[in-house]
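The values are calculated or read from the model by the stated rules, or taken from the named source; none is laboratory data. Keep in mind the model is a prediction, meaning the values are calculated, not measured. Every residue, glycine as well, gets a Cβ built from its backbone with ideal geometry; the counts of neighbours run over all protein chains shown.
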């Protein structure tokens with residue numbers, strides 16, 4: 001199975017090259033993208049089953065000895081994230097195709113998207129720090145292109161913030177990597193724990209902080225979050241759906257990896273404070289907004305706080321809670337942005353003051369919004385409740401009372417701002433169908449079935465089908481929470497067990 | 001790391017940081033270029049024994065080849081990112097005749113909100 005690991009990266013990247021070669025033919029590009037994204041998902045699922053059965057898979061590129069080679073390491077944690085991410089990437093790809101006119105318009109959408117898939121897979125599989133940086137760069141550069149795809153004024157403006165901040169983040173990360181290399185003489189994540197442990201505490205703290213700042217910016221934690229609500233809403237909906245669902249979570253993944261593997265004994269009091277502040281600032285920001293995309297973007301920040309809280313609490317139980325939280329959060333957040341995309345397509349805007357009464361026009365669309373919204377807030381039958389329950393229980397076990405209080409209060413405030421979207425966009429009398437500014441075709445379509453209830457969903461068949469699929473996935477996570485949580489526990493053991501990791505990589 | 005190298009890295013990083021603080025995207029890009037060079041030099045200095053060839057198996061000392069491989073990769077990535085930023089700066093310039101980084105759009109939207117609701 002380990003021979004499949006390089007394929008996960010090579011295939012999307014080759015697909016991107018091929019897609020560039022067929023730049024004049026949209027259908028060919030679509031076939032290439034679907035094939036690559038589908039195959040990536042299939043391989044990820046196969047790997048997930050295999051790794052769960054047989055333990056960590058390692059592939060040393062070029063056949064070098066694994067202590068000097070570039071290693072791709074797939075343990076349970078990495079494959080779980082790979083599976084959920086590639087599924088989302090595939091879903092959003094289909095959704096983007098269902099948009100007919102809008103964002104897929106640019107011929108560079110497919111190559112950039114495939115490069116993004118390759119970067120995401122690489123970042124999850126990277127077995128050494130420098131390659132983690134390289135794959136981060138690959139996915140970032142792809143995301144720069146996707147974010148500024150249409151080159152409009154707004155996209156360039158918010159893209160500038162995003163690109164410049166991420167470039168600076170890369171410099172911080174490379175500095176960290178260079179200093180770690182200077183201090184230890186290796187970047188292999190299997191050899192680093194031992195060598196880092198020999199360093200003086202001060203040096204270790206400095207190195208840890210450099211990595212935390214770099215990944216923290218990527219994950220949008222408290223002092224470094226301001227780029228996110230500014231840039232994500234400018235992107236086309238399917239792009240911001242995949243950014244919202246995935247990119248920040250890859251930052252969180254890198255934080256978990258470095259914290260559990262490289263710096264297991266750090267005092268995380270500061271991180272816990274940062275987690276609390278991230279939750280509060282995100283949700284307060286969300287309440288102040290009046291645009292659906294912006295509210296949802298601020299919620300990403302707030303939700304990252306819960307994951308950082310799990311990391312800061314530390315220990316196998318807290319890490320497994322965090323992993324479960326991430327697995328639940330990725331589809332929930334993606335589906336909210338997908339619903340937002342349908343709303344925007346239907347109403348021509350995502351500003352809550354201009355959209356209203358969507359519930360009466362389409363009940364199913366309202367349901368598609370409500371399920372992930374309640375899940376995000378953490379109401380009982382949904383997956384978000386289970387994720388929050390796990391994280392908060394761990395907080396209570398470790399007697400960090402104030403963070404528990406903050407987490408619960410923020411959860412309530414999340415519900416309030418979700419209700420703001422609900423009352424703004426879905427409740428009330430239907431607004432007269434405004435002519436969508438961007439798409440004439442959709443407006444012509446739904447002028448016909450204005451009176452019927454489900455015209456909204458039928459007009460956007462493929463988009464609605466994908467959204468329903470993703471929402472069903474979030475429900476499935478709640479239904480199969482038991483086995484999934486046990487898997488997350490095994491993944492957390494994989495992520496925290498230094499010796500097992502080292503033994504798997506270095507035979 | 002020699003003193004000269006340390007001073008050079010420091011000067012590059014300081015002037016890069018100064019330029020990045022500006023509003024004009026062109027200056028920010030120049031600043032990022034300088035910062036990138038500072039970081040690249042830092043990577044290079046993380047290997048020991050300057051002046052020796054990075055070849056194993058020769059008589060005598062050799063330099064660690066890993067930092068050189070790392071720095072090559074970092075240079076290529078930096079080159080790509082800066083080209084992209086230049087394209088963005090050009091695009092910003094064709095749109096509105098300057099390439100200033102604008103105010104935070106969120107703040108501005110919030111400030112404009114009353115107008116938005118009345119219309």
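General observations
- The set of residues in the range A:139-153 being at the interface with chain B (Cβ under 9 Å from one of its Cβ atoms) and either in contact with a strand residue (DSSP E or B) (Cβ under 7 Å, 6 or more places away or on another chain) or within 30 Å of residue A:72 (Cβ to Cβ) (or both) consists of A:140, A:141, A:144, A:145.
- Of all the residues in the range A:170-190, those that are buried (at least 18 other Cβ atoms within 10 Å of the Cβ) and part of a loop (DSSP other than H, G, I, E, B) number 4.
- For first residues located in the range A:276-294 and away from chain B (no Cβ under 13 Å) and free of Cβ contacts under 8 Å to residues at least 40 places away in the same chain, partners that are surrounded by fewer than 20 Cβ atoms within 10 Å (Cβ to Cβ) and in a helix (DSSP H, G or I) and lie 6+ apart or on another chain with Cβ distances below 7 Å do not occur.
- Meets criteria (touching a helix residue (DSSP H, G or I) at 6+ places or on another chain (Cβ under 9 Å), over 30 Å from residue A:289 (Cβ atoms) and at pLDDT below 85) for residue B:56: yes
- Which numbered condition residue A:130 fails, given (1) closer than 27 Å to residue A:13 by Cα; (2) touching a residue at least 24 places away in the same chain (Cβ under 8 Å); (3) more than 8 Å from chain B (Cβ to nearest Cβ): (3)
- Within the range A:349-373, the set of residues being part of a loop (DSSP other than H, G, I, E, B) and either surrounded by fewer than 20 Cβ atoms within 10 Å (Cβ to Cβ) or within 14 Å of another protein chain (Cβ to nearest Cβ) (or both) comprises A:349, A:350, A:352, A:353, A:354, A:355, A:356, A:357.
- Conditions (1) at pLDDT 80 or above; (2) touching a helix residue (DSSP H, G or I) at 6+ places or on another chain (Cβ under 6 Å); (3) more than 10 Å from chain A (Cβ to nearest Cβ); (4) surrounded by fewer than 17 Cβ atoms within 10 Å (Cβ to Cβ): number failed by residue B:95: (3)
- The condition of being crowded, with 24+ Cβ neighbours inside 10 Å and free of Cβ contacts under 8 Å to residues at least 24 places away in the same chain holds for only one of A:79, A:148, that being A:148.
- Residue A:16 assigned to a helix (DSSP H, G or I) and touching a residue at least 60 places away in the same chain (Cβ under 8 Å): yes
- Yes/no for residue B:70 being more than 15 Å from the chain's Cα centre (by Cα), more than 19 Å from residue A:166 (Cβ to Cβ), facing another protein chain (nearest Cβ under 9 Å) and at pLDDT 85 or above: yes
To keep it simple, each residue is scored yes or no on (1) in a helix (DSSP H, G or I); (2) within 17 Å of the chain's Cα centre (by Cα); (3) closer than 22 Å to residue A:324 by Cα.
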{"residue": "A:271", "(1), (2), (3)": "yes, no, yes"}
{"residue": "A:275", "(1), (2), (3)": "yes, no, yes"}
{"residue": "A:281", "(1), (2), (3)": "yes, no, no"}
{"residue": "A:284", "(1), (2), (3)": "yes, no, no"}
{"residue": "A:296", "(1), (2), (3)": "yes, yes, yes"}
{"residue": "A:300", "(1), (2), (3)": "yes, yes, yes"}
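A quick yes/no check of all residues on (1) facing chain B (nearest Cβ under 10 Å); (2) over 17 Å from residue B:39 (Cβ atoms); (3) touching a helix residue (DSSP H, G or I) at 6+ places or on another chain (Cβ under 6 Å); (4) free of Cβ contacts under 8 Å to residues at least 40 places away in the same chain:
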| site | (1), (2), (3), (4) |
| --- | --- |
| A:155 | yes, yes, yes, no |
| A:159 | yes, yes, yes, no |
| A:171 | yes, no, yes, yes |
| A:177 | yes, no, yes, no |
| A:191 | no, yes, no, no |
| A:217 | no, no, yes, no |
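- Count of residues meeting criterion [over 21 Å from residue A:284 (Cα atoms) and assigned to a helix (DSSP H, G or I)] in the range A:374-386: 2
- Of the set (1) at positive phi; (2) away from chain B (no Cβ under 12 Å), all apply to residue A:91 but (1).
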